[in-house]
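K.L.:
What follows is a single structure, and I will ask about it in a moment.
The values are calculated or read from the model by the stated rules, or taken from the named source; none is laboratory data. Computed from a predicted model, the values in this text were never measured in an experiment. Cβ: placed from backbone, ideal geometry, glycine included. Neighbour counts: every protein chain shown.
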Amino acid sequence: MALVTTTVVPDLRLTPFTGISEVARERSGIARAEVVYTAVGTWPATGAGDNRSISFNFELDPAYGYVLMDANAAFIKYADDKNSMEATGVMQISTVSASGGEESQWYSYISNSARQTSAGNTAIGSIGANDYNTMFPITGNNSIIVFTMETKPTALLFPFPGVDAMACTSMFGEHKAQEGSQAYRFYMRFLQYDIVQGYNYIVNSPIMTRG
């Protein structure tokens with residue numbers, strides 16, 4: 001038995017915002033661009049007795065600050081094959097300095113609507129600790145699990161002096177061993193801010209800008 005790990009590097013889409021001067025933006029909490037990371041593909045099947053995990057890894061450009069707005073992932077099985085993903089995933093965002101210092105934030109992906117055992121039990125207290133997986137059929141014999149991040153960072157992700165890298169990793173696992181291949185969809189969206197805006201109290205106030 002072994003743990004088989006799959007690493008995916010999502011695609012980047014950067015959309016600059018227009019309609020305001022640079023001087024006006026520097027004095028405001030208005031973002032300079034939208035930054036979106038997406039991934040679409042197939043998670044390969046494992047060998048006999050093997051478990052697996054999958055992670056989506058990328059680095060944010062440390063020349064800017066960021067606010068995380070949306071994060072979700074979906075895993076799909078076809079042809080009468082039940083999905084046995086763990087009901088939670090994790091995300092780690094780290095700011096790393098050249099001197100070796102690191103600040104890490106950890107958040108959870110949750111699949112609330114699909115949480116149930118293979119017997120169909122969904123009530124709190126009826127899901128065994130060893131059977132905390134999700135099975136949620138959608139169309140025909142397909143089975144899909146959607147993970148969303150309900151609690152997101154309230155702080156601005158910012159390259160304060162000394163920070164030279166900002167890494168983001170989202171990881172998901174599977175409850176059962178020796179499972180077949182399945183499709184995945186990954187999506188994460190940030191608002192991007194100029195460095196000079198990173199010291200503006202408006203951007204750093206989660207109530208004013210992200211309430």
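K.L.:
Quick one: count up the residues across the stretch 63-79 that are farther than 27 Å from Thr42 by Cβ and assigned to a strand (DSSP E or B).
P.N.:
Total meeting the criteria: 4.
K.L.:
Tell me which residues, restricted to the stretch 67-82, are at pLDDT below 70 and in contact with a strand residue (DSSP E or B) (Cβ under 7 Å, 6 or more places away or on another chain).
P.N.:
If the condition is that a residue be at pLDDT below 70 and in contact with a strand residue (DSSP E or B) (Cβ under 7 Å, 6 or more places away or on another chain), then Asp81, Lys82 are the ones that fit.
K.L.:
Still on this structure: Of the numbered conditions (1) surrounded by 13 or more Cβ atoms within 10 Å (Cβ to Cβ); (2) out of contact with any Pro (no Cβ under 6 Å at 6 or more places or on another chain); (3) hydroxyl-bearing (Ser, Thr, Tyr), Ser21 fails exactly one; give the number of that condition.
P.N.:
Every condition holds for Ser21 apart from (1).
K.L.:
Something else now. Looking only at residues that are of a type in the set (S, T, N, Q) and in contact (Cβ under 8 Å) with a residue 12 or more places away in the chain in the stretch 1-44, which one is nearest to Ala177 (Cα to Cα)?
P.N.:
So, considering only residues that are of a type in the set (S, T, N, Q) and in contact (Cβ under 8 Å) with a residue 12 or more places away in the chain, the one nearest to Ala177 (Cα to Cα) is Thr5.
K.L.:
State yes or no: is Ile54 surrounded by 15 or more Cβ atoms within 10 Å (Cβ to Cβ), assigned to a loop (DSSP other than H, G, I, E, B), among the aliphatic types (A, V, I, L, M) and touching a residue at least 12 places away in the same chain (Cβ under 8 Å)?
P.N.:
It is false that Ile54 is surrounded by 15 or more Cβ atoms within 10 Å (Cβ to Cβ), assigned to a loop (DSSP other than H, G, I, E, B), among the aliphatic types (A, V, I, L, M) and touching a residue at least 12 places away in the same chain (Cβ under 8 Å).
K.L.:
Are any residues in the stretch 145-181 crowded, with 20+ Cβ neighbours inside 10 Å and of a type in the set (Gly, Ala, Ser), and if so, which ones?
P.N.:
If the condition is that a residue be crowded, with 20+ Cβ neighbours inside 10 Å and of a type in the set (Gly, Ala, Ser), then Ser170 is the only one that fits.
K.L.:
For the stretch 19-44, give me each residue that is in a loop (DSSP other than H, G, I, E, B), modelled with pLDDT under 85 and not charged (D, E, K, R).
P.N.:
Across the stretch 19-44, the qualifying residues are Gly19, Ile20, Ser21, Ser28, Gly29, Ile30.
K.L.:
Also: Hey, among the residues in the stretch 1-17 that are within 14 Å of the chain's Cα centre (by Cα) and outside any strand (DSSP E or B), which one's surrounded by the fewest Cβ atoms within 10 Å (Cβ to Cβ)?
P.N.:
Val9
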